[in-house]
Amino acid sequence: MAGTEFRVYATPVSVYSCKLRLALALKGLQWREVEPPGGYGSAPYRAIVAQGTVPALVHDGAVLAESDAIIEYLDEIGAGPLLLPGGPQARARARALSRFIDTRLEPAVRALFPFVGSDGAVPEATRATLSGQMDRFAAIVGPGPYLSGQSPGLPDCGFWAVAAVLETLNRALALDLAMRWPTLAGDDLPECADHLRAYRTALAGWAAARGAPT
Ligand SMILES: N[C@@H](CCC(=O)N[C@@H](CS)C(=O)NCC(=O)O)C(=O)O
């Protein structure tokens, strides 16, 4: 990949930005990270990235959005080690886990954001939805040691980012949820540990700015 720059639009607190950072780090790539001009969703940013979401990747004349699509693109152009396993069934399972994390688990976690620093208690229904999705997630995880099998991959990146958010919310909202994860932690991988540490610091700053315990 010599000579081709990877420019990433991302923000410090965005869970999907963290997911992409972990994928880039696992791939051993260098990238230049910039914040979206005017913030995500702004007109100046949408002039560059039509979706208005972070993360986005600018590479070789293309502007790509959606974390899964970006990570699969990096696999397909041969950038660093593959983050999807070999074999159609294993790949389908890894993609299904990643979709579950992005479309079921993460939204159930995100539903707690409005309560951070607010006087209102988390409604029992919101909490029940989250613990239900955590149970379903635990039920679909394979034998490991990583979500994607023998080596860390696409679903691990998304999961480690969401787990960091959940740990922050658990403290900020005193949820008392059991934080036991079914597979190995990204913190044990030297290439991911610093990114996860920086992400947790950003999340703690976000919670503290809202007056919540960190
Ligand atoms: N499915 C997208 C989700 C990206 C996303 O929703 N990112 C949030 C920040 S974590 C965002 O850009 N929100 C602004 C918006 O939806 O307009 C992905 O995987 O990249």
Sticking with the crude label model, points 7 Å out along Cα→Cβ, report the distance from Q51 to V13 in nm, one decimal please.
-> 2.1
Quote to one decimal, in nm, the extra length available between T4 and R180 on full extension: 0.36 nm per residue of separation minus the C-alpha distance between them.
-> 59.4 nm
Under the 7 Å Cα-to-Cβ spin-label approximation, F113 and S42 lie apart by a distance in nanometres of 1.7
Difference of contour (0.36 nm per residue) and Cα-Cα distance, L29 to I140 = 36.9 nm
Computed Rg/Rh of segment 68-178, alpha carbon atoms with Kirkwood Rh | 1.04
Comparing A56, A69, A164, which has the greatest mean-square fluctuation in the GNM of the chain with Cα pairs linked when under 10 Å apart?
-> A69
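Quick check: net charge around A65, other residues with Cβ under 14 Å of its Cβ, Lys/Arg +1 and Asp/Glu -1?
Values: positive: R7, K19, R46; negative: E66, D68, E72, D102.
Once positives and negatives cancel, what remains is -1.
What does the extension gain come out to for T126 and A208, with contour length at 0.36 nm per residue minus their alpha carbon separation? Intermediate results must be reported in sequence, preceding the final value.
On the way: separation 82, 0.36 × 82 = 29.52 nm, distance 2.21 nm.
Result: 27.3 nm gained on full extension.
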Along Cα→Cβ, 7 Å out, is where each label goes; now give me the distance between the ones at V63 and R171 in nm to one decimal.
-> 3.7
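Just so you know, all these numbers are worked out from the coordinates, no wet-lab data involved. Given the structure is predicted, the values throughout are model-derived calculations rather than measurements. Note: ideal-geometry Cβ built from the backbone for every residue, glycine included; neighbour counts use all protein chains shown.
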